Amino acid sequence: MVRRNDPVWGEPAVAAQANIDTFVYPNAAPQAAEFNQSKQLWLGLEDYILTYADTYDTNLSE
């Protein structure tokens, strides 16, 4: 599971396909608002990683 912004990078065709691939049913799962929207928990971690990648002009993937 990823946020929409996370996999959308690279060559335009690759980024467009990654954008499409994030919106499929197998990528859907229930979420706990307190955990996923908390700046101290998951959302904060996602934002930190995106800021790091932007700061160092790099792409990160698992």
task = Select, from V14, V24, V8, the only residue that is out of contact with any Phe, Trp or Tyr (no Cβ under 9 Å at 6 or more places or on another chain), at pLDDT below 80 and either surrounded by 10 or more Cβ atoms within 10 Å (Cβ to Cβ) or of a type in the set (V, I, T) (or both).
result = V24
remark   = Note on the stretch 35-56: residues exposed (fewer than 12 other Cβ atoms within 10 Å of the Cβ) and either touching a His at 6+ places or on another chain (Cβ under 6 Å) or at pLDDT 85 or above (or both) are Y48, T51, Y52, D54, T55, Y56
query = What residue, among those in the stretch 44-62 that are assigned to a helix (DSSP H, G or I) and of a type in the set (G, A, S), is farthest from P7 (Cα to Cα)?
reply = G44
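The values are calculated or read from the model by the stated rules, or taken from the named source; none is laboratory data. Only a predicted model underlies this, so the values are computations on that prediction, with no experimental measurement involved. So basically every Cβ, Gly included, is an ideal-geometry build from the backbone, and we count neighbours across all protein chains shown.
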